[in-house]
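K.L.:
Sharing a structure, written as structure tokens. Questions coming.
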Amino acid sequence: MFEYAPAPESRSVVTIAPSYGLFIDGEFGEAKDTFKTINPADEEVLSEVALAGPEDVDRAVAAARRAFEGWSTLPGSERAKYLFRIARIIQERSRELAVLESLDNGKPIKESRDVDLPLVAAHFFYYAGWADKLKYAGFGPDPRPLGVAGQVIPWNFPLMMLAWKIAPALATGNTVVLKPAETTPLSALFFADICRQAELPPGVVNIVTGAGDTGRYLVEHPDVNKVAFTGSTEVGRAIARSVAGTGKKLTLELGGKAANIVFDDAPIDQAVEGIVNGIFFNQGHVCCAGSRLLVQESIAEELLASLKRRMSTLRVGDPLDKNTDVGAINSAAQLARITELSEIGATEGAERWSPECPLPDRGFWFAPTIFTGVTQAHRIAREEIFGPVLSVLTFRTPAEAIEKANNTPYGLSAGVWSEKGSRILAVADKLRAGVVWANTFNKFDPTSPFGGYKESGYGREGGRHGLEAYLA
Amino acid sequence: MTATATSRLSGLPDSASDLRTFLHGLPGVDKVGVEARAAALGTRSVKTTAKAQAIDLAIRMVDLTTLEGADTPGKVRALSAKALRPDPSDPTCPPVAAVCVYPAMVPFAAEVLAGSGVHLASVATAFPSGQAPLDVKLADTRDAVAAGADEIDMVISRGAFLAGDYGKVFDEIVAVKEACGSAHLKVILETGELATYDNVRRASWLAMLAGADFIKTSTGKVPVAATLPVTLIMLEAVRDFRERHGRQVGVKPAGGIRTTKDAIKYLVMINETVGDDWLDPDWFRFGASSLLNDLLMQRTKLTTGHYAGPDYFTLD
Amino acid sequence: MPESSVRLSVRKTYKLYVGGKFPRSESGRTYLVDGDNVSLASRKDARDAVVAARAAQPKWAGATAYNRGQVLYRVAEMLEARRAEFKALGVKGSEVDAAVDRWVWYAGWSDKIAQVAGGANPVAGPFFNISAPEPTGVVAVVAPPSLIGLVSVIAPAVVTGNTVVVVAGNPQAAVTLAEVFATSDVPGGVVNVLTGHAAEIAPWLASHDDVNAIDLSGVDDGDLATELERAAAGTLKRVLRPSSAPDWTADPGVGPMTALLETKTVWHPKGF
């Protein structure tokens, strides 16, 4: 047996301070309370971070408001150069940021290094170029920024979600107050340092760390003109309610329960890769994860055998090991939810399978898991698990596949695998989802609009479409 | 039971049209997907003990090759000597798997290799183009075997394959296999000329159905030789073929593999696609010449702890 | 029988328009509007209208854009033909003209909006990537009272392939417009018109799980608008908020259409 020796990425490229304050008006400052952020792979405390209260959020919003006048009237070409500068600094510091992201989030270094960070830099480059071309974007001859954007992001792609929020907001002349997720605040704080390195005017970007309450203060703040949220549908619903009647512009990127549909004429080996990538990428902590595999019954057995064989080669463990495929679950709470839903899956009669896979003693871990014999009535086929757990269902005809795929309140993404072009196009047409990956999965690009139908939210991030959320 | 039904049940096609139906019924290959997968496997980091193990295995898998018009008995003798003792300064260095030469050169290699356990492979069948009448190809094969080759690397008729004449390609392989007698048959698909991954998969199956002991990517004589995605498809083919027919077939990427880093990527690919059973010189070979010296240099770096230089390794 | 110099006119009964038919309210209720007894729609009428709209939606969205454009142009023709009737309802001739022109304008968008709102995305990789707009589905519309306002909220919704349930602001004008639809090849269920009180019906539409979007253009009560918006959050409906001073005669731009469109982005690898 060919065993790879451990190949850890060096931690020495990143220096994490023992504590971090809030980044308001270009300065780091203390808050009354703090909380600890840990490495989910070993439960060690990484740093102690300020917990922003209502008065801190007030100060941040006020700083953003003050900065708005200057920033929004700056020529677009000048705003562009700041964003280009930020993009470059991100590229220069990308290994440091990748290691940091893996430490705080638990994701494998090969993903933070090869997926997250390149996309983060690319996102800033893309929107930098829009800053002085907004009148050509199709939103009227004189599109105006909205003002102060309150942005709340999740823990699954901390820096990437920050980029998706901040880059278009700044390009369009808005100023921002961003709240990173409670369990992954560090890369946003490093980004604050990048803003300083780029000499971004104070107050244009403000980072307030904290938990759910901090986020609520921010989205409910009366002087916020725009709310952008990525996270769970439950919280999105609450935000939509709280924003009702205020006139704040709102975009939401919420949960999903994507169907990944494999037809009998699919390129099987690539489909297996797509299934694996669809649900085990980033430990399945992906809102657009292909968490429901819909496989044509005639090839189900063969496909599942291939899938199980492939899953047996997944390497679960130290996120900083360059050969790790599946890292740590982000938090104890998330692990508890995945565990609970998986137990429900088994109780409800679905057949559970995981490859043999030793898990570390400390930290939060969950072996890649599939459930076969799942029907639409099972909770694991309906509820977002947000973990490395795949529900396998079968179908007989294209119509049945489409019906099952759409039979969910969500509508974020979907996958289709077939070598027949006309089938791909017809199925893609009928899927009620904002992103359809045909013969591929989990692909992202700054130029490509991303966002959901139905309860997966509204608004698009990425591409020309992504500007609309920040323009009046 | 009819003959057709029998062959269907055994999975062997019994006519040209059946063959076509079968090959075109194989799952398609998505180019972008297979290339992404191959590239991802290429990012595995293999260090320290794993690397040492991989280098020795790779050396044992080398078909040390010279296929030049300028080949002479002296060159072939020297190469064969190197095959037996790749690193004369280090007795722990294993020999390579085989020496691979033109048929006319087989007797000179055989002199050196006799009784050593290092195999003697010869390209035959009007290598590299395959554009010769069948009887010439068969005579070529028989001569090489008679001169001492225990492995034959044949080329398929790419022209016939691309023209859709699968039956002709199939029959030629069957005939050459018969001419090989007890010698192992490696079937060179010349994937660079097949142009698409779908064709690589079909040609792999065609060769295996016709009796190939090994399927091999390339002659090394056309611009595109072995690549990771092509090898991945061939590995998937031998895996699926064994699943279906119970017979294991070997894989040999050849041409363009020059560095240890490249070789290790192939080993990782075997490890994660078909597993242990193919991590063996009996089932996987590298068709290469300059690769060996890079493997030796890396091996020396690991054993001595400092970087090696090319002047310290033989150029035969 | 003695001859009479004054002929007694035949009055119109103003009923609801649901699924291509003109039913009375299931509740049997009517209310008096400018001397006419108008059907007073109930929550169950709203429910039936949503069922009709949902049933009609896939086929309407699946019709070719060219075909939808033709049908909408036919609506403009029929609207023009009823000019006198709208005038008799008190709508100014210039407003009827504007409504017809607005409708024609939207009819022409049917096969152009996808090109304006969608397109190819130059992703950094070997992928074909295209974004195209699709209707969001069933749209509940609380319509403003003016004819031009009514037309300006219905047309952008249906030209993009949505089907609508309209809570009328001006019952007689809305029902008369419904008669235009009924005679214009608009498939039954594409436009459904409810007359009654927005405060009574709209909350049921705002909270209905099978409604995808709600247009609050005709809601002039701020508290009601907030209540509806909050109810709409239950299923994350797309919400078009009322503008404080809507100028229905101004160029609407593409905003009213794109607000009711979803963007679907499709990726496919490129390779031999």
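K.L.:
Only sites in a loop by DSSP and with at most 12 other Cβ atoms within 10 Å count here; which trypsin sites (Lys or Arg not before Pro) in the range C:165-272 make the cut?
P.N.:
C:K270
K.L.:
Which order do C:K92, A:K110 fall in if you start with the one that has the fewest other Cβ atoms within 10 Å?
P.N.:
C:K92, A:K110
K.L.:
Helix by helix through chain B, keep the DSSP H runs that span 27 Å or more along the axis on Cα and average at least -1.0 on Kyte-Doolittle, and give those back in order.
P.N.:
Qualifying helices, which must be both long enough and hydrophobic enough, do not occur.
K.L.:
Now for a separate question. Can you work out the FRET efficiency for the pair A:E301 and B:K221, with r the C-beta to C-beta distance and R0 = 30 Å, to the nearest 0.05?
P.N.:
Calculated transfer efficiency: 0.10.
K.L.:
Next question. What angle, in degrees between 0 and 90 and rounded to the nearest 10, separates the Cα long axis of helix A:117-130 from the longest principal axis of the Cα atoms of chain A?
P.N.:
It is inclined by approximately 50 degrees.
K.L.:
Let me ask something else about it. Compute the Cα gyration tensor for the range C:102-207, then decide on rounded, prolate or oblate, letting a ≥ b ≥ c be the square roots of its eigenvalues: rounded whenever a/c is under 1.5, prolate when a/b is larger than b/c in the other cases, and oblate in all that remain.
P.N.:
Cα axes put the range C:102-207 in the prolate bin.
K.L.:
Taking the beta-carbon count within 10 Å as an exposure proxy, list C:T136, C:T258 from fewest neighbours to most.
P.N.:
In increasing order of surrounding Cβ atoms, one gets C:T258, C:T136.
K.L.:
In percent, how large is the relative contact order of chain B, given Cα pairs closer than 8 Å and 6 or more residues apart?
P.N.:
19
K.L.:
Around A:G147, under 11 Å between beta carbons, what's the net of Lys plus Arg minus Asp minus Glu among the other residues?
P.N.:
+3
K.L.:
Rounded to a whole number, what is D in µm²/s for chain A from Stokes-Einstein with the Kirkwood radius over alpha-carbon pairs (25 °C, 0.890 mPa s)?
P.N.:
For the chosen part, D equals 109 µm²/s.
K.L.:
Counting just the Cα atoms, what span does the range A:264-362 cover along each of its three principal axes? Round to the nearest Å and put the largest first.
P.N.:
On the principal axes, the range A:264-362 reaches 42, 35, 26 Å in Cα extent.
K.L.:
Then there is this: For B:L26, what is the net charge nearby, where nearby means another residue's Cβ is under 12 Å from its Cβ and Lys, Arg count +1, Asp, Glu -1?
P.N.:
Combined, the nearby Lys, Arg, Asp and Glu give -2.
K.L.:
Please check which bits of the range A:278-320 a label hung off A:R396 would reach, taking the label as a point 7 Å along Cα-to-C-beta and the cut-off as backbone N under 12 Å.
P.N.:
Answer for this model: A:297-298.
K.L.:
Please list the non-local residues whose amide H lies under 5 Å from the amide H of A:N260, H modeled 1.01 Å from N, same-chain partners needing a gap of 5 or more.
P.N.:
Result for A:N260 returns A:R292, A:L293, A:L294, A:G415.
K.L.:
Just grab the label-to-label distance for B:A114 and A:D114, each label 7 Å out from Cα along the Cβ direction, in nm (one decimal).
P.N.:
Result for the modelled spin labels: 5.1 nm.
K.L.:
Between A:R196 and B:T259, what FRET efficiency comes out of the Förster formula 1/(1 + (r/R0)^6) with R0 = 51 Å and r the beta carbon distance, rounded to 0.05?
P.N.:
Approximately 0.75, to the nearest 0.05.
K.L.:
I want to verify a result. In a Gaussian network model of chain C, Cα cutoff 10 Å, which of these has the top mean-square fluctuation: C:D247, C:D111, C:D220?
P.N.:
Highest fluctuation of the listed residues: C:D247.
K.L.:
With the Cα gyration tensor of the range B:12-304 giving a ≥ b ≥ c as the square roots of its eigenvalues, does the rule (a/c under 1.5 for rounded; else a/b larger than b/c for prolate; else oblate) give rounded, prolate or oblate?
P.N.:
Judged from the Cα gyration tensor, the range B:12-304 comes out oblate (a/c at least 1.5, b/c at or above a/b).
K.L.:
Compute for the protein assembly as shown: radius of gyration divided by Kirkwood radius, i.e. Rg/Rh, restricted to C-alpha atoms, rounded to two decimals.
P.N.:
Taking Rh as the inverse mean 1/r over Cα pairs, Rg/Rh reads 1.06.
K.L.:
If amide H atoms are built 1.01 Å from N in the plane of the peptide, which residues on other chains or at least 5 residues away come under 5 Å of the amide H of A:T184?
P.N.:
Amide H neighbours of A:T184, under 5 Å, 5+ apart: none.
K.L.:
Quick one: order A:I344, A:I261, A:I89 by neighbouring beta-carbon count within 10 Å, fewest to most.
P.N.:
Ranking A:I344, A:I261, A:I89 by Cβ neighbours within 10 Å, fewest first, gives A:I344, A:I89, A:I261.
K.L.:
Check C:V193: other-chain or 5+ apart residues with amide H under 5 Å from its amide H, H built from backbone geometry?
P.N.:
Amide H neighbours of C:V193, under 5 Å, 5+ apart: C:Y17, C:V18, C:V166.
K.L.:
May I ask you to derive the relative contact order of chain C, considering only C-alpha pairs under 8 Å and at least 6 residues apart, and to give it as an integer percent?
P.N.:
25
K.L.:
In Å, the Kirkwood hydrodynamic radius of the range A:206-346 over pairs of distinct alpha carbons?
P.N.:
18.1
K.L.:
Under a crude label model (7 Å from the Cα following the beta-carbon direction), how far is B:D71 from B:L134 in nanometres?
P.N.:
Between B:D71 and B:L134, the simple spin-label model gives 2.6 nm.
K.L.:
Given the rule -39500 (n - 2.57) for each run of at least 4 DSSP H residues, summed and divided by the residues of chain B, what is its mean residue ellipticity at 222 nm, to the nearest 500 deg cm²/dmol?
P.N.:
Rounded to the nearest 500, the figure is -15000 deg cm²/dmol.
K.L.:
Rounded if a/c is under 1.5, else prolate if a/b is larger than b/c, else oblate: which is the range A:259-438, with a ≥ b ≥ c the root eigenvalues of its Cα gyration tensor?
P.N.:
Since a/c reaches 1.5 and a/b is larger than b/c, the shape of the range A:259-438 is classed as prolate.
K.L.:
Output the Kirkwood hydrodynamic radius of chain C, Cα pairs only, in Å rounded to one decimal.
P.N.:
It works out to 19.3 Å.
K.L.:
Now, a different point. Please give, to one decimal in nm, the separation of the simple spin-label points placed at C:A245 and C:E80, each 7 Å out from Cα toward the Cβ.
P.N.:
Reported label-point gap for C:A245 and C:E80 is 3.4 nm.
K.L.:
Show me, for the range A:456-472, the HN-Hα J-couplings you get by feeding each phi into the Karplus relation (A = 6.51, B = -1.76, C = 1.60, θ = phi - 60°), rounded to Hz, glycine and proline as x.
P.N.:
Values per residue, Gly and Pro as x: 7, x, 9, x, 10, 10, x, x, 4, 4, x, 6, 4, 5, 10, 10, 9 Hz.
K.L.:
Pick from B:R285, B:R244, B:R299: which residue has the top mean-square fluctuation in a GNM of chain B where Cα pairs under 10 Å get a spring?
P.N.:
B:R244
K.L.:
Going by Cα centres, the range C:94-168 and the range A:5-53 are how many Å apart?
P.N.:
Each part's Cα centre sits 48 Å from the other's.
K.L.:
Calculate one ³J(HN,Hα) per residue across the range C:141-157 by plugging θ = phi - 60° into the Karplus curve 6.51 cos²θ - 1.76 cosθ + 1.60, and present them in order as whole Hz with x for glycine and proline.
P.N.:
Once rounded to whole Hz, the list reads 10, 8, 8, x, x, 6, 5, 5, x, 4, 4, 6, 9, 7, 4, x, 6.
K.L.:
Which ³J(HN,Hα) values in Hz, rounded to whole numbers, follow from the phi angles of the range A:311-321 under the Karplus curve 6.51 cos²θ - 1.76 cosθ + 1.60, where θ = phi - 60° and Gly and Pro get x?
P.N.:
5, 5, 9, 5, 9, 9, x, 2, x, 7, 6
K.L.:
Could you please report the charge total around C:V193, scoring K, R as +1 and D, E as -1 over all other residues with beta-carbon less than 12 angstrom from its beta-carbon?
P.N.:
0
K.L.:
Would you kindly state how much longer the chain becomes between A:S19 and A:A377 on full extension, computed as 0.36 nm times their sequence separation minus their alpha carbon distance, in nm to one decimal?
P.N.:
My answer for the length gained is 124.1 nm.
Here, each number is a calculation from the coordinates, and none is a lab measurement. This one's a predicted model, so the numbers in the text were calculated from it and none came from an experiment. Note: ideal-geometry Cβ built from the backbone for every residue, glycine included; neighbour counts use all protein chains shown.
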